[in-house]
1. Which of 161, 51, 28 sits farthest toward the positive end of the charge dipole of the chain, with +1 on the Cβ of Lys and Arg and -1 on the Cβ of Asp and Glu?
2. Nothing charged except the Cβ atoms of Lys and Arg (+1) and of Asp and Glu (-1): what's the magnitude of the dipole of the chain about its Cα centre? Round to the nearest 20 debye.
3. Taking the alpha-carbon centroid of each part, what is the distance from the range 107-155 to the range 75-96 in angstrom?
4. Mind checking the angle between helix 12-44 and the chain's longest principal axis? C-alpha axes, 0 to 90 degrees, to the nearest 10.
5. Mind putting a number on the dipole of the range 195-258 about its Cα centre? Charges go on the C-beta only, +1 for Lys and Arg and -1 for Asp and Glu, and I need it in Debye to the nearest 20.
6. Pairs 52/133; 47/133; 52/245: which exceed 24 Å Cα-Cα?
7. Can you list the HN-Hα couplings for the range 172-180, worked out from phi with the Karplus curve (6.51, -1.76, 1.60; θ = phi - 60°), rounded to whole Hz and with x for Gly and Pro?
8. Compute from the Cα atoms of the range 129-183 the Rg and the Dmax, the latter being the longest Cα-Cα distance, and quote both in angstrom.
Amino acid sequence: MSEMFQLFAGAGWLGFAGLCTVLYAASLTILFATRSVMTLLNRRHPKRKIQKRAPSHQARKDILSSMRQLAVTSVCLSIGLFAQAKGWTLFAPVDVSWWSVPLFFCVSLLLHDTWFYWGHRILHTRMFYRFHKPHHMTITPTVWSNDAGSTVDTLFAHSYYALVLFVLPIPPLVFLGHRLFDQVSAAIGHCGYEHFASASARKPWPLLCTLYHDQHHQYFVYNYANYFSFWDRWCGTIHPTYDDKVVGFENIYAQQRD
């Protein structure tokens, strides 16, 4: 994997443009593939719909917006990987091994969740909310909604990918794995149906399910985090009904199995 990025780096700025193109094409493929899978799953389980109201945004607008913003994210990701391959970072990436993959994957998730939480809180302040407002025009999100928004909004969340490799020796394979997980989990988090409620997604465990971000779109001032509930619980910004509603969806699953 490192050798592939060395090839892009060796081609200079043309290599950077090529890397952006490859990552953007991969992002679009993931976008449409995830949408197809989640749409089929939603149709099979209509009772798992979280909100009764219909989506207010036109799918075409969200698709076009998502395609634009995925280009921004691809540039951010390319900056980090290109700089690492060129040796411009503080540390060279560590080798892929049995310990480095899970360690750096978890470290990157935790750091990005912190970055996302506080950046998201800033976007909800009076000074910056105008950049985040286009994303919140969708009160009932769909699988197309995650990346739809403004460029400033996208940079608050995804400039992490451009910067973190300058200070951490994350292997590029792990970094790409994190980005893949981020894109797929975020799309699921906007799909409007709850398929992954479980005990691990509620107190005392730190993981999340689709309901978490769906409530953020409903109520605006709760559930700011991305992967974990740590920050929202510590800062008192978790929605008060979240844990109970997770249990409610677990009960729905049990009824459907009976």
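1. After comparing all options, I get 51.
2. Here the size comes out at about 880 debye.
3. A separation of 25 Å, based on Cα centres.
4. For helix 12-44, the angle is close to 20 degrees.
5. 100
6. 47/133
7. Ordered by residue, 3J(HN,Hα) equals x, 4, 5, 4, 5, x, 4, 5, 4 Hz.
8. Expressed in Å, the Cα Rg and Dmax of the range 129-183 come to 13.7, 39.
Every read-out reported here was derived from the displayed coordinates using simple, explicitly stated rules and does not represent laboratory data. Bear in mind the structure is a predicted one, so any value in this text is a computation, not a measurement. When we count neighbours, we look across all protein chains shown, and the Cβ atoms used for this are built from the backbone with ideal geometry, even at glycine.
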